[in-house]
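Inspection log for the structure reproduced underneath, given as structure tokens.
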Amino acid sequence: MRFGRPLQGWRLRLHTIIFEADTRAGRAFDLALIWVILASIVVVVLDSIVSVRAVIGDWLGALEWVFTLLFTVEYIARLLCVRHPLRYALSVYGLIDLIALLPTYLAVLVPGLHALIDVRVLRLLRIFRILKLGAYVAEFGALGRALAASRRKILVFLSFVMMVVLVMGTLMYVVEGAEHGFTSIPVGVYWAITTMTTVGFGDITPKTDLGRLIASVMMLMGWGTLAVPTGIVSAEFTAQKAPRETTTRVCHECLSEGHSADARFCRDCGAELPPYQSDPIGGG
């Protein structure tokens with residue numbers, strides 16, 4: 001078995017099952033993996049409840065190892081059935097797969113780690129498994145593309161917000177002063193951010209009439225600014241509707257997904273795509 005060569009034989013069959021969902025076996029694998037991910041998250045959540053852990057802690061620990069071993073097998077299988085294992089391992093989903101495995105093994109392989117960090121912190125990392133679900137829901141991909149397409153507009157909007165909170169925070173520092181809790185410009189900026197986002201913790205409040213007028217303006221601005229990023233992403237999300245039906249075909253070269261059924265070459269790297277394989281539900 002040599003990596004980098006075109007997939008064939010069992011590697012091609014395994015790749016089709018794991019990375020594509022247009023076949024009966026691919027759909028079954030994806031559904032099974034989704035349920036395993038959800039079940040493992042339930043175990044992590046239950047393990048964080050002291051009263052539950054006191055009663056069935058041993059069972060939860062055993063289940064955690066079962067899920068970890070299953071995810072380990074899945075991770076190894078993914079590395080074996082791709083042309084460039086290192087490229088997949090360094091991809092977003094590859095790193096998520098690895099993060100889902102490390103906590104359980106680290107807690108055992110590095111005993112001295114307990115002296116530096118509580119093992120419960122490692123358990124919290126297991127919740128990253130929920131990010132694996134993004135690979136199996138098409139809407140996650142559409143949302144990701146919408147966010148990527150609107151990143152410049154969102155960046156401009158955030159830059160404007162940062163300028164506003166810096167100016168207003170500085171103004172409040174001058175108007176209110178240290179005697180009313182605004183001990184520095186960063187404190188004033190913190191107050192401006194919590195006010196503009198309508199959080200308003202109340203730990204720092206203006207006492208002067210001018211300060212309250214500025215706070216009122218900030219609150220009204222907060223209502224308006226909340227709608228801006230929502231509108232930007234919503235517009236891009238609507239524009240992301242594909243003009244033609246796409247599939248779960250994956251390029252063996254760059255692992256790009258979502259090519260149309262009649263596509264011959266990858267839209268991202270230009271590599272030739274393998275023949276489209278599908279097994280509709282109810283088909284023979």
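Inspect segment 76-92 for any residue being more than 26 Å from H259 (Cα to Cα) and either acidic (D, E) or touching a helix residue (DSSP H, G or I) at 6+ places or on another chain (Cβ under 9 Å) (or both) and give the result as yes or no.
Filtering segment 76-92 down to residues more than 26 Å from H259 (Cα to Cα) leaves none.
No, the conditions are met nowhere in segment 76-92.
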(request) Specify which of the listed residues (D58, D30, D47) is in contact with a Phe, Trp or Tyr (Cβ under 6 Å, 6 or more places away or on another chain), more than 13 Å from L80 (Cα to Cα) and of a type outside the set (K, R). (result) D30
(message) Could you list, ordered by first residue, the pairs with Cβ atoms under 8 Å in which the first is in segment 27-56 and on the phi < 0 side of the Ramachandran plot and the second is of a type in the set (D, E) and in a helix (DSSP H, G or I), at least 6 apart or interchain?
(response) L33/E74; S40/E64; V43/E64; V44/E64; D47/E64; R53/D47
(request) Could you figure out which of (1) closer than 19 Å to L131 by Cβ; (2) surrounded by 15 or more Cβ atoms within 10 Å (Cβ to Cβ) isn't true of V82? (result) (1)
(request) Could you check S216 against (1) in a strand (DSSP E or B); (2) modelled with pLDDT of 75 or more; (3) among the hydroxyl-bearing types (S, T, Y) and say which number it fails? (result) (1)
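Regarding segment 82-97, can at least one residue be identified that is of a type in the set (D, E, K, R), free of Cβ contacts under 8 Å to residues at least 40 places away in the same chain and farther than 26 Å from T16 by Cβ? Reasoning before the result, please.
First, the residues of segment 82-97 that are of a type in the set (D, E, K, R): 83, 87, 97.
Then keep just the ones that are free of Cβ contacts under 8 Å to residues at least 40 places away in the same chain; that gives 97.
Of the ones still in play, those that are also farther than 26 Å from T16 by Cβ are none.
Within segment 82-97 (the criterion being of a type in the set (D, E, K, R), free of Cβ contacts under 8 Å to residues at least 40 places away in the same chain and farther than 26 Å from T16 by Cβ), the answer is no, since none of the residues qualifies.
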(message) On the basis of being at pLDDT 90 or above, part of a helix (DSSP H, G or I) and loosely packed, with under 15 Cβ neighbours inside 10 Å, does A28 make the cut?
(response) no
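The values are calculated or read from the model by the stated rules, or taken from the named source; none is laboratory data. Owing to the predicted nature of the structure, the values given are computational and were not obtained by experimental measurement. As a convention, Cβ positions derive from the backbone with ideal geometry for all residues, glycine included, and neighbour counts pool all protein chains shown.
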